[in-house]
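Student: Here it is: the structure, laid out below.
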Amino acid sequence: MYSSYIARQPIFNSSGVPVAYELLYRNSLINACPKVDGDYATRSILTDLLLDKTHKLLDGICGYINFSHQSIIAKLPLCLPKGNFVIEVLEGDNPSIELLDAIKELGEQGYTLALDDFIPSKAWEPILPFISIIKFDINLYAIEDAKSFIQQYKDLGIQFVAEKIEYFSQYQQALNAGFHLFQGYYLSRPQILKKQILSEKYPVQFHAVYKTLRHDNIALINSLDLSNFYAANDITQSPSHQFISL
């Protein structure tokens, strides 16, 4: 028997309604990000999604998933259905030409793309027309500075997310600055979901196949009924602060 863990943290609109979950890698019931390779974490989340034939992970709303630059260049997001997920691009270093081309291709194919932990720079400006969502970590980029950026690019129709909100005052300031969506411990901590998988070796084998699989064959895996690998499904609710709607 193999235990699989994943966390989900809701993202709220200005009315206090959860409109999406960000899916986060976990390897135990400890509610903190483990020190693992980012690509491995992404593949683990995708494994859980492919096995989740009952769709309990998202409860019918949108899912945000982080992808490294290399996994986007490798077209890994193509395994996900359009409309159900947001492809989060980790900002990190300046984008390569290959990354910009891959983001443009995903945008042209109808995928919803978000820039995560965004700090404005000219290097990212060419892809802004293909971006639907920009997430600002308010601990890394001041809300007042983000407000100026929001005003400058409001005509592009981009939705702006204020993340890492830990206090009511931060939420109120972000709301007044023009943010559309909100995420953080003040609103809700991540929930950990634990699944029992009947084959301990299966996740390792799946990841090995996934790394070499051509993206045009991934749809075949999506069509398979893999539910027999699950023995049980449990949700552990972490303590959370109540959302206050203004």
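The values are calculated or read from the model by the stated rules, or taken from the named source; none is laboratory data. In this text the structure is predicted, and so the values were computed from the model without any measurement. In this analysis, Cβ positions are derived from the backbone assuming ideal geometry, glycine residues included, and neighbour counts consider all displayed protein chains.
Student: Identify, by number, the condition in (1) over 30 Å from Tyr5 (Cα atoms); (2) in contact (Cβ under 8 Å) with a residue 40 or more places away in the chain that Gln173 doesn't meet.
Tutor: (2) is the only condition that Gln173 fails.
Student: Still on this structure, please answer the following. Go through Leu106, Leu113, Leu128 for me and flag whichever is outside any loop (DSSP other than H, G, I, E, B) and more than 16 Å from the chain's Cα centre (by Cα). It would help to see each step written out before you state the result.
Tutor: Working: Leu106 fails: more than 16 Å from the chain's Cα centre (by Cα); Leu113 fails: more than 16 Å from the chain's Cα centre (by Cα).
Just one listed residue meets the conditions, Leu128.
Student: Separate question: If you go through segment 1-52, how many residues are aromatic (Phe, Trp, Tyr), out of contact with any Asp or Glu (no Cβ under 7 Å at 6 or more places or on another chain) and either modelled with pLDDT of 90 or more or assigned to a strand (DSSP E or B) (or both)? Walk me through how you get there before you give the answer.
Tutor: Of segment 1-52, the ones aromatic (Phe, Trp, Tyr) are 2, 5, 12, 21, 25, 40.
Adding the requirement that they be out of contact with any Asp or Glu (no Cβ under 7 Å at 6 or more places or on another chain) leaves 5, 12, 21, 25, 40.
The next check asks that each one be either modelled with pLDDT of 90 or more or assigned to a strand (DSSP E or B) (or both); those that pass are 5, 12, 21, 25.
Qualifying residue count, segment 1-52: 4.
Student: Can you find a residue that is within 20 Å of Ile87 (Cα to Cα), hydrophobic (A, V, I, L, M, F, W, C) and either in contact (Cβ under 8 Å) with a residue 60 or more places away in the chain or not in a loop (DSSP other than H, G, I, E, B) (or both) anywhere in segment 192-203?
Tutor: If we filter segment 192-203 for residues that are within 20 Å of Ile87 (Cα to Cα), which is where we start, we get none.
Scanning segment 192-203, I find no residue that is within 20 Å of Ile87 (Cα to Cα), hydrophobic (A, V, I, L, M, F, W, C) and either in contact (Cβ under 8 Å) with a residue 60 or more places away in the chain or not in a loop (DSSP other than H, G, I, E, B) (or both), so the answer is no.
Student: Looking at (1) under 30 Å from Gln170 (Cβ atoms); (2) modelled with pLDDT under 90, can you tell me which one Leu128 breaks?
Tutor: (2)
Student: Next up: Are any of the residues in segment 154-161 modelled with pLDDT under 95 and part of a strand (DSSP E or B)? Explain how you work it out, then say what you get.
Tutor: First pass over segment 154-161, keeping only residues modelled with pLDDT under 95: 154-157.
Within this subset, residues satisfying the condition of being part of a strand (DSSP E or B) are none.
Scanning segment 154-161 turns up no residue that is modelled with pLDDT under 95 and part of a strand (DSSP E or B).
Student: Restricting the search to segment 76-103, which residues are of a type outside the set (Asp, Glu), assigned to a loop (DSSP other than H, G, I, E, B) and crowded, with 16+ Cβ neighbours inside 10 Å? It would help to see each step written out before you state the result.
Tutor: The first filter runs over segment 76-103 and keeps only residues of a type outside the set (Asp, Glu), leaving 76-87, 89-90, 92, 94-97, 99-100, 102-103.
Add one more test, that the residue is assigned to a loop (DSSP other than H, G, I, E, B), and what stays is 80-84, 92, 94-96.
The answer is Leu80, Pro95.
Student: Further question on the same structure: Out of all the residues in segment 137-189, which are within 22 Å of the chain's Cα centre (by Cα), more than 26 Å from Ile127 (Cβ to Cβ) and among the aromatic types (Phe, Trp, Tyr)?
Tutor: Of everything in segment 137-189, those that are within 22 Å of the chain's Cα centre (by Cα), more than 26 Å from Ile127 (Cβ to Cβ) and among the aromatic types (Phe, Trp, Tyr) turn out to be Tyr171, Tyr185, Tyr186.
Student: Looking at segment 55-65, is at least one residue at pLDDT below 80, farther than 22 Å from Pro126 by Cβ, of a type outside the set (Phe, Trp, Tyr) and crowded, with 19+ Cβ neighbours inside 10 Å? Lay out the reasoning, then the answer.
Tutor: To start, the set of residues in segment 55-65 that are at pLDDT below 80 comprises 55-57.
Of the ones still in play, those that are also farther than 22 Å from Pro126 by Cβ are 55-57.
Retained after the next criterion (residues that are of a type outside the set (Phe, Trp, Tyr)): 55-57.
In the following step, the residues that additionally are crowded, with 19+ Cβ neighbours inside 10 Å were identified as 57.
Looking for residues that are at pLDDT below 80, farther than 22 Å from Pro126 by Cβ, of a type outside the set (Phe, Trp, Tyr) and crowded, with 19+ Cβ neighbours inside 10 Å, one finds at least one in segment 55-65, hence yes.
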